[in-house]
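Take a look at the structure below.
Since every read-out is calculated from the coordinates, none of them should be taken as a lab result. All figures in this text were calculated on a predicted structure; none of them were measured in a lab. Cβ placement follows ideal geometry from the backbone for every residue including glycine, while neighbour counts extend to all protein chains displayed.
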Amino acid sequence: MQNAMQNAELRELKSLLETEKVRLEELLGRTAKHLYRREEPYNADFAEQVVEVENNQVVEALDSNAKIELQQIQAALVRIEQEQYGLCRDCGDTIAIERLKLIPYTDLCANCA
Ligand SMILES: [Zn+2]
């Protein structure tokens, strides 16, 4: 697999992905709690309501971004298991190691991205 990629580099990228996965799962645990609490009635004070709604929008954005990133990371970890990691989804070329270090979950080479 990945003739161009050293095993040490692959291990490093895998551990980066796993660290990020744990971070995102913790983040999603917190955003889920926050968004769940929102079901409670809003604060009666209008100014505080506005702040609360704005906070919720921030948390919602954070939550959906984290979900997307987590999916990408999980897919990348599956590709490592299947020995497909580091290969471009579109053209099948090897993705440059510099690019993988920057975006460990990418499945597109610089040309196809
Ligand atoms: Zn490509």
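Descriptive notes on the structure:
- Cβ-Cβ under 6 Å pairs, at least 6 apart or on other chains, the range 11-40 side surrounded by 14 or more Cβ atoms within 10 Å (Cβ to Cβ), far side assigned to a helix (DSSP H, G or I) and β-branched (V, I, T): K14/I80; L17/I73; E20/I73; K21/I73; T31/V59; H34/V59
- Answer residue from the range 56-113, given it is under 17 Å from R11 (Cβ atoms), more than 9 Å from the ligand (Cβ to nearest atom) and aliphatic (A, V, I, L, M) and is surrounded by the fewest Cβ atoms within 10 Å (Cβ to Cβ) among those: V78
- Filtered residues of the range 89-110 (kept if more than 15 Å from R79 (Cα to Cα) and either part of a helix (DSSP H, G or I) or in contact with a Phe, Trp or Tyr (Cβ under 7 Å, 6 or more places away or on another chain) (or both)): I97, E98, R99, K101, L102
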